[in-house]
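To start, the structure itself, in C-alpha cells.
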Amino acid sequence: ATVLLSRCLLKMVKGNIVVPEEILSFCCNGLQSSTSPPHSQEPGEWEEVPGAMASPSPARNPTEVQMSQLVLPCHTNHRGELSTGQLLKWIDTAACLSAERHAGCPCVTASMDDIYFEHTISVGQVVNIKAKVNRAFNSSMEVGIQVSYEDLCSGKHCSICKAYATFVAQGPTGSKVKLQPLTLQTEEEKIEHSIAAERRRMRLVHKDTLKDLLTRSPRETELETRDGRAAVPAEKTRVESVELVLPPHANHQGNTFGGQIMAWMENVATIAASRLCHAHPTLQAIEMFHFRGPSQVGDRLVLKAIVNNAFKNSMEVGVCAEAYGQEMSISRRHINSAFMTFVVLDQEGRPRTLPMVAPEPGDGERRYREASARKKIRLDRKYVISCKQTEVPLSVPWDQSNKVYLSYNNVSALKMLVAKANWVLAREKEKVRMYTLEEDKFLSFRIEMSVCIAASQAFSLLSDLRRRHEWDSHYASAELVQQVDDDDMIYHVVSQTLSHENKPQDFVILASRRKPCSKGDPYVVAFRSVTLPTHPASTGFTRGETVCSGFCIWPESEETSKVAYYNQATPGYLNYVTTNVAGLSSNFCATFKACEKFLLKNKEDLIVRL
C-alpha cells in the first residue's frame, strides 16, 4: 500500500497537483493502523495509477507471479545496499510460487542458472520480481525470473538481473509428478518455450565442457606478483561456518528453504573474498546453484568457502553446503555447491587490482585450474550468447571450449526467428509459399511446402550439407571439415554465386541438428557462420557470412511433413530475396520444388539403408 501511494504521489507532483499535508504526513510516517477491511485483490491486478484512479491490467500468463519488496535497513549491508543473500531469497520464493501454480503441488528447487548482477539496490528503493514458467518437461520445469528496481522518488526503473531456475514437482511421498504442458499465448512465451529446451541441453553438458577444457589445457600453475605484492596463500581465505536449521528457515514443505541456503552460502563466500582483498567486495556473478539433496529442520548445515583463483580485477570463490543431524557419526550430506565472482570497487566505481592467490597443493591446484577454465567458459558464453546480429563480424571464432554455447546460440537464434508472429505471405506458387518478416534493419524470409516424406527422413537428408548441391543450384560443393559430435558439424561451402568482386563466395558454416524434445516440437537444422584457423579467407574466394538460417520440419502425418526454410538475409543475399518477393523471379519456387524431388527420390534409399 505504501508503494502504491508513493507512486500516486509522484504522479500528482509531476502533474503540479497540490498534495494535502495529511497525505504527505501519512507517506512519511508509514502505514498506520486501519479499521478498513483488506481488499481481496490479486497481486498486480492494478498496474497503473493515472492520478488517483486505477485501471485493470490485461490478462497474463496463469503461472506468472509478481513480487514487490520495499528495501528496508534490515535487508541491507554496511553500504546501505540490498544484500545479495536477501535478493536470492526473494527470487527463489517468487520462482517456487510460479512453479507451484503450474504443477498444483509442492515443488523444490533443483538448480539456479548463472546470474549476472548489473546494479546494486539502495534502501528505500523497490525490488520488482516477475517469475513465470517457460516450459514444463516430464517432472521438472524451467522458471524465468526478471528482477528490476524502482526508485519511488524519481520514478526510474532499471534491470538488475535475469535468472532461470529449474524446479521439480513432488507428490505426497516425495515421488516425482508428471507435469502438464503449458498453454502458450504470446510470441514471447513461444520463444522462451522453444529456447528452454536448448538451455536444458546446455546445463546437462556443462560438466563435460569443463572437463574437456581442462584435459586440453596445460597443467602448469603459474604464479606472479601484482603491484609488488606476493601471492596470498589460499588457505588464509578459507571460511567454515555452521548454521542450525530452525522452523523459520524451512519452507511450507518442511525442508530448508532453498533461498535461505543460497543466502548463507553468499555470506561465507563474501567473508572469504574479504580475507583476500581486506576490503568489502561486491558480488558480480553466480555460477549455477545445484541442489543435490534436501535438508530439514534440526539439521546442521556446514558452509565452507575458499578463494579458488584471483584474476586481475575479479576473484572466484568456491562455496559448498553440507548437512548432518544430531549424530556426528553419520556422514555429512553434500547439499549444494556454487561458484561466485567478486570484484572490489574503488570510490569511482572501478574494479581494483587484486593480489594473486597461491593454491594449496593437490585439490587447491585443481580448483585453481578449474576456476581459470570456468572464467574462459563464462567469457565465451557471455560473448557468444549475447552477440548482437548488428555487430561485425557475424562469424564467431569456433574452438572446443565454446562449442556448446555456439551450438546453443545457433539453434536458439533460429527458434526465435521461427516463433516471430508478424510473418506476411508474400508469394505462393505451385503450393510453395514465401513469407517475409521486416523488423528494424533486417529482412527475413521463410519458404515452406508440404512433402510426402516422414519428418525424420527429411531431417536426415537436409542436415547433410554435402548433398545440398544436388537440389540447390546456389551450392557448388560442401566439404565436411569437422564432425564436432553427433549433432554439430562444420562445413566449408563453396557457392555458385559471384560476389561484386567477380569471385565465387565461400562460407565456413556450423550446422546444428536437433530432434524434437517433446510432442509438437519440430526437427531443427540450424546454420551460422564461424571462423576456423584451418580455413582462413583466401584470395580466390570472397568470404560470405550467414547469421541465421536453417530448416524446421514438422510431422503432419506418418508419411507427410511440412518443410520450412528460414533465412535472415545478409546484404549479399538481399537482391535474391527482394527480386523473388517483387515477383521478378520465381527462383525460390524452382529451388524448393527441386528440394521436394530430391527428398522423394532419396527417401526409398534412406529406408533401405536404415
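The values are calculated or read from the model by the stated rules, or taken from the named source; none is laboratory data. What you are looking at is a predicted structure, and each value in this text was computed from that prediction instead of being measured. Note: ideal-geometry Cβ built from the backbone for every residue, glycine included; neighbour counts use all protein chains shown. For accessibility, only protein heavy atoms count, side chains too; no ligands or nucleic acids. Shrake-Rupley method; radii C 1.70, N 1.55, O 1.52, S 1.80 Å.
Before moving on, here are some points about what is shown:
- The residue pairs whose first member lies in the range 528-543 and is in contact (Cβ under 8 Å) with a residue 60 or more places away in the chain and assigned to a loop (DSSP other than H, G, I, E, B), whose second member is open to solvent by less than 40 Å² (accessible area, probe 1.4 Å) and of a type in the set (Val, Ile, Thr), and whose beta carbons are closer than 9 Å, counting only pairs six or more residues apart or on different chains, are LEU532/ILE490; LEU532/VAL508.
- First in the range 233-245 and surrounded by fewer than 17 Cβ atoms within 10 Å (Cβ to Cβ), second anywhere and polar (S, T, N, Q), Cβ under 8 Å, 6 or more apart: SER241/ASN267
- Qualifying residue in the range 343-350 (condition: touching a strand residue (DSSP E or B) at 6+ places or on another chain (Cβ under 8 Å), of a type in the set (Lys, Arg) and open to solvent by 20 Å² or more (accessible area, probe 1.4 Å)): no
- Within the range 526-543, the set of residues being open to solvent by 20 Å² or more (accessible area, probe 1.4 Å) and within 22 Å of the chain's Cα centre (by Cα) is empty.
- Verdict on LEU443 being over 26 Å from VAL205 (Cα atoms) and either modelled with pLDDT under 90 or open to solvent by less than 70 Å² (accessible area, probe 1.4 Å) (or both): yes
- Test: GLU370 is open to solvent by 50 Å² or more (accessible area, probe 1.4 Å), among the acidic types (Asp, Glu) and touching a residue at least 60 places away in the same chain (Cβ under 8 Å): no
- Breaking point among (1) farther than 28 Å from LYS375 by Cβ; (2) surrounded by 19 or more Cβ atoms within 10 Å (Cβ to Cβ); (3) more than 17 Å from the chain's Cα centre (by Cα), for LYS89: (1)
- The residue pairs whose first member lies in the range 590-610 and is in the same structural domain as ARG433 (by the TED database) and assigned to a helix (DSSP H, G or I), whose second member is modelled with pLDDT under 90 and open to solvent by 70 Å² or more (accessible area, probe 1.4 Å), and whose beta carbons are closer than 8 Å, counting only pairs six or more residues apart or on different chains, are THR591/SER473; LYS593/GLU430; ALA594/SER473.
- Residue count, the range 450-499 (criterion: in a strand (DSSP E or B) and not charged (D, E, K, R)): 20
- Residues located in the range 518-529, provided they are in contact with a helix residue (DSSP H, G or I) (Cβ under 9 Å, 6 or more places away or on another chain) and within 20 Å of TYR566 (Cα to Cα): ASP521, PRO522, TYR523, VAL524, VAL525, ALA526, PHE527, ARG528
- When we screen LEU97, LEU70 for residues that are of a type outside the set (S, T, N, Q) and open to solvent by 60 Å² or more (accessible area, probe 1.4 Å), the only hit is LEU97.
- Note on the range 249-301: residues that are of a type in the set (Val, Ile, Thr), within 28 Å of GLY174 (Cβ to Cβ) and crowded, with 16+ Cβ neighbours inside 10 Å total 3.
- GLY104 passes every criterion in (1) within 21 Å of PHE339 (Cα to Cα); (2) free of Cβ contacts under 8 Å to residues at least 12 places away in the same chain apart from (1).
- Restricting the first member to the range 443-456 and to residues that are in the same structural domain as ARG433 (by the TED database) and over 25 Å from ALA426 (Cβ atoms), and the second to residues that are open to solvent by less than 30 Å² (accessible area, probe 1.4 Å) and hydrophobic (A, V, I, L, M, F, W, C), the beta-carbon pairs closer than 6 Å and six or more apart or on different chains are ILE453/LEU599; ALA455/ILE553.
- Single unsatisfied condition, PRO181 versus (1) open to solvent by 40 Å² or more (accessible area, probe 1.4 Å); (2) modelled with pLDDT under 85: (2)
- Of the criteria (1) crowded, with 18+ Cβ neighbours inside 10 Å; (2) among the acidic types (Asp, Glu); (3) at pLDDT 90 or above, which one ASP464 fails: (1)
- A Cβ distance below 7 Å, combined with a sequence gap of six or more or placement on separate chains, defines the contacts here; from the range 467-482, residues that are in contact (Cβ under 8 Å) with a residue 60 or more places away in the chain and in the same structural domain as ASP506 (by the TED database) reach residues that are open to solvent by less than 50 Å² (accessible area, probe 1.4 Å) and small (Gly, Ala, Ser) in the pairs TRP471/ALA594; HIS474/SER495.
Residue-by-condition table, conditions (1) touching a strand residue (DSSP E or B) at 6+ places or on another chain (Cβ under 8 Å); (2) not in a strand (DSSP E or B):
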{"residue": "GLY144", "(1), (2)": "yes, no"}
{"residue": "PHE167", "(1), (2)": "yes, no"}
{"residue": "GLU189", "(1), (2)": "yes, yes"}
{"residue": "MET202", "(1), (2)": "no, yes"}
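- Qualifying positions in the range 109-135 - crowded, with 24+ Cβ neighbours inside 10 Å and of a type in the set (Gly, Ala, Ser): ALA131
- Every listed requirement among (1) under 24 Å from ASP521 (Cβ atoms); (2) open to solvent by 50 Å² or more (accessible area, probe 1.4 Å) is met by LEU437 save one, (2).
- Segments classed as strands (runs of 3 or more DSSP E), wholly inside the range 261-339, with at least 3 members that are under 22 Å from ALA231 (Cβ atoms): 300-310, 315-324
- Long-range neighbours under 8 Å by Cβ, at least six apart or interchain, first residue outside the structural domain of PRO516 (by the TED database) within the range 180-196, second assigned to a helix (DSSP H, G or I) and acidic (Asp, Glu): LEU182/GLU189
- Count of the range 187-232 residues which are hydrophobic (A, V, I, L, M, F, W, C), at pLDDT 75 or above, closer than 23 Å to PRO359 by Cβ and open to solvent by 60 Å² or more (accessible area, probe 1.4 Å): 1
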